[in-house]
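The values are calculated or read from the model by the stated rules, or taken from the named source; none is laboratory data. Just so it is clear, the model here is predicted, and its values are computed rather than measured. In this analysis, Cβ positions are derived from the backbone assuming ideal geometry, glycine residues included, and neighbour counts consider all displayed protein chains. To get the accessible areas, we keep the full protein, side chains included, count just its heavy atoms, and leave off ligands, DNA and RNA. Shrake-Rupley method; radii C 1.70, N 1.55, O 1.52, S 1.80 Å.
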Amino acid sequence: MTQTIPTIGITGTSCRGKHKLMMAAVAIRYVEAVRRGGALPLVIPPDTPTEHIPALFDRIDGLVLSGGGDISPSLYGGEDSPAIHDVIPQRDTLEIALTQAAVERGLPFLGICRGIQVLNVALGGDLYTDIDTQTSVTEKHNRDSTNERTLLAHKVEILPSSRLAQILGGTEFEVNSLHHQSIRKLANRLKVVARSPEGIVEGVEVIGHPFGIAVQWHPEWMEQDHPAMQALFRALAEAAKRKAER
Ligand code: MN
């Protein structure tokens, strides 16, 4: 009998490549982390029409909602801010529909950075459109501006009873932090399972879902040095495999 290798879709972005050609792309770290977790990565172009989601779901066993630019604040009534950057409306539309479908259909998924924000918006929550100007938090969450992608920027405290704590094997971790936005009003179907010391939401789980987890940090930049973060990708692949074998 051949081993089932689950397929995990990774939401892509659009960017300019060589000769300024437009590309549909994902950062290689996501691809490597998914593969090392035990799954076959599949890039989902950001301009995929939402009508193709059912066909896509016939072909994937799990999903990573990857990091990227900001979600248009018009989609959740967010406060306008000069700090909002890199909005790609097509990507917003696709990812919100994909997330809603993954929640409804019990498709295992992991949201990362922008992904935790997409999940909250897709289920009716909203965001601080700029942490530094809209909260009193003194922690530095926005290491993106200095590209310190592997720097352990702050601590997260994880709910002991959560799936996330079970997977990571602990309740306190130092994590990287490459975001300037975060969850404000939490969507009804979500439960907060991780926070920074000053209270920024750093992890959520979908209540009653087989594997609906999202984090505000970037485990794909940590998994080579931190076994707990690699365990997150392995757990996603295992959940996807269980789905593939059903
Ligand atoms: Mn952070």
Scanning segment 6-26 residue by residue, the ones that are open to solvent by less than 90 Å² (accessible area, probe 1.4 Å) and within 18 Å of Asp92 (Cβ to Cβ) total 10
Could you please give the count of residues in segment 130-163 that are more than 15 Å from the ligand (Cβ to nearest atom), under 20 Å from Leu110 (Cβ atoms) and part of a helix (DSSP H, G or I)?
-> 1
May I ask you to list the residues in segment 69-81 that are surrounded by fewer than 24 Cβ atoms within 10 Å (Cβ to Cβ) and either touching a residue at least 24 places away in the same chain (Cβ under 8 Å) or under 16 Å from the mean Cα position of the chain (by Cα) (or both)?
-> Gly69, Asp70, Pro73, Leu75, Tyr76, Gly77, Gly78, Glu79, Asp80, Ser81
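Residues checked against (1) over 26 Å from Gly37 (Cα atoms); (2) open to solvent by 10 Å² or more (accessible area, probe 1.4 Å); (3) touching a residue at least 24 places away in the same chain (Cβ under 8 Å):
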| site | (1), (2), (3) |
| --- | --- |
| Ala102 | no, no, yes |
| Pro108 | no, no, yes |
| Val121 | yes, yes, yes |
| Asp132 | yes, yes, yes |
| Asn142 | yes, yes, yes |
| Thr171 | no, yes, no |
In segment 178-233, anything open to solvent by 10 Å² or more (accessible area, probe 1.4 Å), more than 16 Å from the ligand (Cβ to nearest atom) and not aliphatic (A, V, I, L, M) is listed as Lys185, Asn188, Arg189, Lys191, Glu205, Gly208, His209, Pro210, Gln224, Asp225, Pro227, Gln230
All conditions in (1) within 11 Å of the ligand (Cβ to nearest atom); (2) without any contact (Cβ under 8 Å) to a residue 60 or more places away in the chain; (3) surrounded by fewer than 19 Cβ atoms within 10 Å (Cβ to Cβ) are true of Gln166 except (1)
